[in-house]
Structure formats: C-alpha cells, structure tokens
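The values are calculated or read from the model by the stated rules, or taken from the named source; none is laboratory data. Given the structure is predicted, the values throughout are model-derived calculations rather than measurements. Here the Cβ positions follow ideal geometry from the backbone for every residue, glycine too, while neighbour counts run over all protein chains shown. Calculation scope for accessible area: heavy atoms of the full protein, side chains included, ligands and nucleic acids excluded. Shrake-Rupley method; radii C 1.70, N 1.55, O 1.52, S 1.80 Å.
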Amino acid sequence: MRFIDLGAQQKRIRKQIEASISDVLDHGSYIMGPEVGRLEEVLGRYCGVRHAISCSSGTDALLLALMAYNVGPGDAILTSPFTFIATAEVIRILGATPVFVDIHPDTFNIDPSKIKLALSA
Ligand SMILES: Cc1ncc(COP(=O)(O)O)c(C=O)c1O
C-alpha cells in the first residue's frame, strides 16, 4: 500500500513547478534568489511577523533559533525525547547540554509537571 502518492500531488501543480524551475535556471541565482525573498515575504505575512528567515533544513532552523539566544557551553536546554535526533544534535553542536523532559501521554509534548524535576537534575 502506498501511503504517500507524490505523483498525484505533483500532477495538480506540475506546470507551476516546471515553470518555477525554468525561471530559476534562466536567472541563475540558485542561492538567495528572488524566489527566496518572495517566500520569506509571504511566510512573514502569514505568520504576522516583520521578518521570516528561510534556511536550508529543519536542523538549521533549530540551530538558528538557539544561536539567536546565544546558547553555548554551560547552558542546559530542556527538550523532548520524543523527536528527531536533530533536536538534541544542535544543542550539542553549540556545546550546550540537552536535558530530556518526558512527554505527556495525551499530548506527546513535554509534560509541564516534569519540568521542575528536570531543572533540579
Ligand atoms: C522533529 C524534527 N526536527 C528536525 C528535523 C530535521 O530536519 P531536516 O532533515 O530538514 O534537517 C526533523 C526531520 O525529520 C524532524 O522530524
């Protein structure tokens, strides 16, 4: 059984995708080109913020957020164990220490009642 049918999804927007790829090939600005600027503008408006900054991956997005807070050696970052490895990886890349807080069985998010215990550890 195919759970994801990318072909069917693509069919609906194939012409737009091809036109956009063709535009990028024509202007040749593969990094930070006009499409990136437009995406950031639209995302910023959608989120109701003045600035949206795109990046290459989810891992980089996590890293950027921690760098914006000057996270580094000596810092402990509370995080969820119920996530992808990148979540803890970026904390270690910056020299900080990930502290896992167990999740709540109903929400699968960090259980707020366990934060105090994690902080004392
Ligand atoms: C929760 C979570 N965070 C971060 C990432 C990393 O994203 P990327 O593979 O784009 O670096 C993933 C990827 O699956 C993820 O599931």
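In the stretch 74-121, what residues are open to solvent by 90 Å² or more (accessible area, probe 1.4 Å), among the hydrophobic types (A, V, I, L, M, F, W, C), under 29 Å from Ala52 (Cα atoms) and part of a loop (DSSP other than H, G, I, E, B)? Phe82, Phe84, Ile85, Phe108, listed by residue number. Scanning the stretch 56-68 for residues that are surrounded by 11 or more Cβ atoms within 10 Å (Cβ to Cβ) and within 9 Å of the ligand (Cβ to nearest atom), we see that the one that is nearest to Pro112 (Cα to Cα) is Leu62.
Taking the numbered list (1) open to solvent by 70 Å² or more (accessible area, probe 1.4 Å); (2) over 17 Å from the mean Cα position of the chain (by Cα); (3) at pLDDT 95 or above in turn, Ile31 passes all entries but (3). Just one of the listed residues (Val71, Val42, Val24) is open to solvent by less than 50 Å² (accessible area, probe 1.4 Å), outside the structural domain of Phe108 (by TED's automatic domain parsing), more than 15 Å from the ligand (Cβ to nearest atom) and modelled with pLDDT of 95 or more, and it is Val24.
For the stretch 45-55, the set of residues classified as open to solvent by less than 70 Å² (accessible area, probe 1.4 Å) and either touching a Gly at 6+ places or on another chain (Cβ under 6 Å) or within 16 Å of the ligand (Cβ to nearest atom) (or both) consists of Ala52, Ser54, Cys55, listed by residue number.
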